[in-house]
1. Using each residue's phi in segment 131-145, evaluate 6.51 cos²θ - 1.76 cosθ + 1.60 at θ = phi - 60° and report the 3J(HN,Hα) Karplus result to the nearest Hz, with x for Gly and Pro.
2. With every protein chain left in place and a probe of 1.4 Å, what is the accessible surface of Glu214, to the nearest 10 Å²?
3. Which ³J(HN,Hα) values in Hz, rounded to whole numbers, follow from the phi angles of segment 62-75 under the Karplus curve 6.51 cos²θ - 1.76 cosθ + 1.60, where θ = phi - 60° and Gly and Pro get x?
4. Tell me, how many Å apart are the Cα centres for segment 60-91 and for segment 101-178?
5. Net charge near Lys100: determine it from the other residues with C-beta under 15 Å of the C-beta of Lys100, scoring Lys and Arg +1 and Asp and Glu -1.
6. Could you list which residues have their amide H under 5 Å from that of Arg93, counting only those 5 or more apart in sequence or on another chain, with H placed in the peptide plane?
7. Mind ordering 139-148, 103-112 by average Cβ neighbours within 10 Å, highest first?
8. Rounded, prolate or oblate, given the Cα gyration tensor of the chain, with a/c below 1.5 counting as rounded?
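The values are calculated or read from the model by the stated rules, or taken from the named source; none is laboratory data. Computed from a prediction, not measured in an experiment: that's the story for all the values here. Ideal geometry is used to build each Cβ from the backbone, glycine not excepted, and the neighbour counts take in all protein chains shown. With ligands, DNA and RNA removed, areas are computed over all heavy atoms of the protein, side chains included. Shrake-Rupley method; radii C 1.70, N 1.55, O 1.52, S 1.80 Å.
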Amino acid sequence: MKNLPLHVGIIMDGNGRWAKKRIQPRAFGHKAGMNRMISLAEYAQKTGIKYLTLYVLSTENLSRPKEELDGLFGLFRKYFTANVKKLYAQNARIKIIGDKSALPEDIQKLLVDSETNSPEGADFTLIFAINYGGRPEIINAVNRAIERGEKVDEKGFTSLLYTDGIPDPDLIIRTGGELRLSNFLTYQAAYAELYFTDVLFPDFTEAEFDRAIENYSKRERRFGKI
Ligand code: FPP
């Protein structure tokens, strides 16, 4: 396809409502969301996209009830033990953005290991935003710049963000009907194209993903020029 985005971000919203519609607990929706996420990651790589960032848990989500968080952490454990080897075999690498330090210790280890064991020279990068917030990321970068005692330009500042080395997202998709970015890639999204859909994340199929990519491919990006 012409004008394929290099980097796509997805705000995977609507798991809870999807479960509610089926008179099921929220955890049921998260499990369905995880399965959808696994398929989409594989599909995105096949499509030729090089970077896919998935908003798995925001800094704000960490204040959800313990029961829901425990359920999500259970899914993380399952995912990061069962799926990473398959990803590596497909020549994909994993990167985590966000503050790992507030997560359960065994999960921190799984996340760090999933990054360090990633293959060199992978042709696809799967980025998980976990306990991630754009503002905390920017503040963290500012403090690191102050500690260095040097002024920064855009290039220098970018290298202090969690996304160091990753190109800015070209397209950000949000499922679940809300029209906002919710602290996702706040700095990096300056020139991202945005795509919003009412489809709840567990229903966001490959065909829906294709629709978003096709919509993007027809847009004219001027980056402020004429
Ligand atoms: C938003 O839906 C979704 C989340 C807060 C969690 C996203 C997690 C996954 C898709 C699966 C787990 C991922 C890994 C890496 C194992 P919501 O709960 O806010 O839905 P609602 O707006 O309908 O309530």
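1. Coupling constants for segment 131-145: 6, 9, x, x, 5, x, 5, 5, 5, 4, 5, 4, 5, 5, 5 Hz.
2. 90 Å²
3. 5, 9, 5, x, 3, 4, 5, 5, 4, x, 5, 4, x, 5
4. Going from one Cα centre to the other spans 17 Å.
5. Local net charge: -3.
6. Residues meeting the amide H criterion: Phe124, Thr125, Leu126.
7. In decreasing order of mean packing, 139-148, 103-112 become 103-112, 139-148.
8. rounded
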